[in-house]
Amino acid sequence: MWREHKHVFSISNVFKLKESKRAVNSIRSLVEEEDEEDDVEKVSWSGEPVGSISWSVKETESSIRSTGEVRDQSFPKIHTVYSLEKFRSLQDKLLLLDEAVNAHDGNVITAVLIYLKKSLSKEILFRELITREIALRHYIHYLKEIGEQKLLLMQYRDHLNVRDENKKRDFLKNCLSFPFSPDDATHVQDHYTLLERQIIIEANDKQVESSGQADIFKKYPRKASILNMPIITTLYYSCFYHYGESDGTFSSPANIRKTFRISDKQFLLTCLGARAKLKAWFDVDALFTTKNWLGYTKKRSPIGFHRIVDILQKNNAPVQVLQDYVNLVEDVEQKISLAQKYKCHDVIINTYRDLKDRQQLIVYRGKVERGSSEYRKIEEILSNSVRLWGEVSPRLPLLQS
């Protein structure tokens, strides 16, 4: 019984294949007749734009205006001479398309694509065209000719949900030839480059992690794949697992920063978050340290140091590290507020000392533990206030503890 069924199925396929070839040959002969009459050049096999597609589109627009009917938008006479309506199932339509591609005739390919565009949903059509690069190239040019470029962007967005990363990468590669606006084209290029790079990094890191060769993966096992993650998440991952790699490697933070034109602020914030998470305080310090031509070092940041302090505190930075960055906050009130919030006593004491504010020192002395190092430091400053600041203001008398 199975053999009979298989035999019938095979005969059916052969019949469909013959029908597809017959249809393709009929379309080709009609196109050749049209070309002889109108002296219109064929679409090249490469899918590059040449006359006949433009001609067919104009002819179709003319027929729509005159009759009010929408006919096959390629070769006006094909619809009345040879109908493709007999190809109803998806399998039959795709077989027809594959035969058209095998015929190496751009006009035939376009004619079949126009029928598929009319008879299939755009989602199904694009899904099938992803794996048919030649047909997809012809379809892209056809949409450009009839002014439906927006459909390409819609399909690009729809296919962002494709789960198989290799299929998505191949689709994005094809999208590079879409006639997008300059901004959209740059976005698509970045998306393709990012996914291609993620695939390489993921394969390498997965192998290294499973082999137990790198301590970073032992101490901090990966919680998720890097595939299909946004660029900033990818940068964070790179700063976490691949910090210090040479600029020439795909996974290095510097390479990712340069390739995707990441701003100084965004790079610093992302890198800071990753290194602080690892308690790599030396790396954190190096992010902000610059050296002038005389060899002197200074800390600089494209963002306010108050934000740096908040990030460090969220990552449980020790008080000494916090104090270093609270001290770099320029606004005095903000500096004191942060120092009080995070119990950076030395910053508060030193700030009041520099402001020569004995009264605030006396008030703050009452907030720290009696006998502590902070208490003794305030006592010493108050005791030496005359030597440090000159005459003591009568408005702020020195109080004995």
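Points worth noting:
- Hypothetical label at Asp247: residues of the range 272-288 whose amide nitrogen lies under 19 Å (7 Å Cα-Cβ projection): 286-288
- The calculated FRET efficiency for the pair Lys223 and Gln266, based on their C-beta separation and a Förster distance of 22 Å, comes to about 0.45.
- Rg(Cα)/(2.2 N^0.38 Å) for the range 298-340, N = residue count: 1.04
- Out-of-range pairs (alpha-carbon distance over 18 Å; input Lys117/Lys150; Lys343/Lys377; Lys93/Lys167; Lys86/Lys117): Lys93/Lys167
- Separation between Cα centres of the range 248-308 and the range 321-354, rounded to whole Å: 23
- Dipole of the range 307-365, positive direction: furthest Cα of Tyr364, Ile349, Ala339, with charges on the beta-carbon: Tyr364
- Computed from the C-beta positions of Lys258 and Ser373 and an R0 of 41 Å, the FRET efficiency is 0.30 to the nearest 0.05.
- Divided by 2.2 N^0.38 Å, where N counts the residues, the Cα radius of gyration of the range 254-364 comes to 1.20.
- Between the residues Asn166, Val208, Ala185, the greatest Cα displacement towards the positive end of the dipole of the range 137-222, with unit charges on the Cβ of Lys, Arg, Asp and Glu, is found for Val208.
- Projected label distance in nm at Tyr296 and Lys279, using a 7 Å step from Cα toward the beta-carbon: 3.5
- Taking every alpha-carbon pair under 8 Å whose residues sit at least 6 apart, the range 144-199 reaches a relative contact order of 35 percent.
The numbers here are math on the coordinates, done by the rules we state, and not lab data. All values derive from a computational prediction rather than experimental measurement. Note that each Cβ is placed from the backbone with ideal geometry, even for glycine, and that neighbours are counted across all protein chains shown.
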